[in-house]
Amino acid sequence: MSELLTGDLYQFESILDEDDRKVLDRVRAFLDAQVRPIANDYWGRAEFPFQLIKGFADLDIAWLANPVTSGGPQRSLLNGFLAMELARADASVATFFGVHVGLAMGSISACASDEQKQRWLPPMSRMEKIGAFALTEPESGSDIAGGMRTTARRDGDAWVLDGAKRWIGNATFADLIVVWARDVEDGKVKGFVVEKGTPGFTATKIEGKIALRMVENANITLENCRVPEANRLTGAHSFRDTAGVLRRTRSGVAWQAVGVMMAAYEIALAYAKEREQFGRPIAGFQLVQDLLVRMLGNTTACLGMVVRLAQLQEEGTFRDEHSALAKAYCTTRMRETVGWARELLAGNGILLEHDIGRFVADAEALYSYEGTREINTLIVGRAVTGISALT
């Protein structure tokens, strides 16, 4: 097994057992060989590297996230470290995988019938079918629970979906898209799996992004889109079920934030040792060391938080406020950390060739998606006070 990471000062990774560390080492080797060398090129061109899908399939790690496909309980700590490691290489690649495994497979694992799980999860675990998750709408983000405009109407043995979704990752090429819509009959939010090529479903790539440029985010339109009753997620009865999926994936974003921080720290540290000014490496200057220690402090504190979060998940005592606090806190610290790393690299920090500019830009997306800092703060505030300030 490889040595522990430079950015893992307290050696949290050593908590993993030997088998899990071997899995993490395989993933790390794949990222070093296949992702890091191409990340800046594809990010700069705003194109997704589709050849990586086969690489992920060969790693055989998607199944680990789901009890149905893994044959046992979720391995939350390993899954967290995997999310961190992916983001440490590239946040776009981490987001692609998180959407597929956490949001799409997660929705099916949590809300589908046994027959539906057996129909969809095995090919998704093998990366033969790629998933997407369509919740956010053009006019509704934070208020989607009450503001959802996409509708579902029962028509015989099918459902008719009408509406629009926005910012949907993987949607331009996904084989299975989990679409959340409000039933016009009872007003409840329900989930549907829309298969690629379904008439009435259109996904158009969003252009001009300054963050997560490799991710194929899309605007979706649903016009008289007919979905069979067999594709309705039978365990999704209200937005509470949707929120249950988001509770788990928010923790994944917190882990991704740690990965971005760790990458920023490690890039800055390596640069500081090599870059010379006034006749010596800048790592020997007090103000530079101060920035490095601030970055390492943020990374270490947040890694400790998400490790404990994963332990709560495995213990079955995991609640909304746990993931909300981690998402809000870790992404805030992430923004600080990548900013300090860019500061340390000075002008070189805005060049893709030095990597840090990509992490600075991508951090802005992680800071906002899966619930803004403000919304997650109010979730925690409601839990600790017993009073909701959301409305």
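The values are calculated or read from the model by the stated rules, or taken from the named source; none is laboratory data. Here the structure is a predicted model, which means the values were calculated and not measured. As a convention, Cβ positions derive from the backbone with ideal geometry for all residues, glycine included, and neighbour counts pool all protein chains shown. We work out accessible area using only protein heavy atoms, side chains counted, and drop any ligands, DNA or RNA first. Shrake-Rupley method; radii C 1.70, N 1.55, O 1.52, S 1.80 Å.
Can you give me the C-alpha center-to-center distance between segment 99-131 and segment 303-350, rounded to a whole angstrom? What the calculation gives is 27 Å, centre to centre.
On the basis of the beta-carbon distance and an R0 of 41 Å, Arg294 and Phe173 show a calculated FRET efficiency of 0.55. Cross-link pairs exceeding 18 Å between alpha carbons, from the set Lys165/Lys205; Lys165/Lys190; Lys129/Lys190: Lys129/Lys190. FRET efficiency for the Val184 to Asp41 pair, using the beta carbon distance and R₀ = 51 Å, is estimated at 0.65. The simple spin-label model puts a point 7 Å past each Cα toward its Cβ; for Glu223 and Glu314 those points are separated by 5.1 nm. Remark on the chain: Cys111, Cys225 stand apart, with no other cysteine beta carbon under 4.7 Å. Does the chain classify as rounded, prolate or oblate by the C-alpha gyration tensor (a ≥ b ≥ c root eigenvalues; a/c under 1.5 gives rounded; else a/b over b/c gives prolate, otherwise oblate)? Prolate. For the chain, the share of accessible area belonging to carbon and sulfur comes to 52 percent (1.4 Å probe, ligands and nucleic acids excluded). Rounded to the nearest Hz, the phi-derived 3J(HN,Hα) couplings of segment 93-98 under the Karplus curve 6.51 cos²θ - 1.76 cosθ + 1.60 (θ = phi - 60°) are 5, 4, 5, 3, 5, x, where x marks glycine and proline.
For the chain, relative contact order (Cα pairs under 8 Å, six or more residues apart, normalised by length) works out to 17 percent.
In Å², what does the accessible area per residue of segment 143-299 work out to with a 1.4 Å probe? Walk me through the numbers before you get to the answer.
Numbers: 6760 Å² over 157 residues.
Heavy-atom SASA per residue in segment 143-299 reads 43 Å².
Just tell me the longest site-free run in the chain, where the sites are GluC sites (Glu not before Pro) in a DSSP loop having at most 15 other beta-carbon atoms within 10 Å.
The answer is 208-391.
Here the simple spin-label model places points 7 Å from the Cα toward Cβ, and for Ala346 and Asp58 these points are separated by 4.2 nm.
For Ala33 and Glu195, what is the calculated FRET efficiency with R₀ set at 30 Å and r taken between the beta-carbons, to the nearest 0.05?
The computed FRET efficiency comes out at 0.35.
Taking 0.36 nm per residue of sequence separation and removing the Cα-Cα distance, the Thr372/Ile15 pair yields an extension gain of 125.5 nm.
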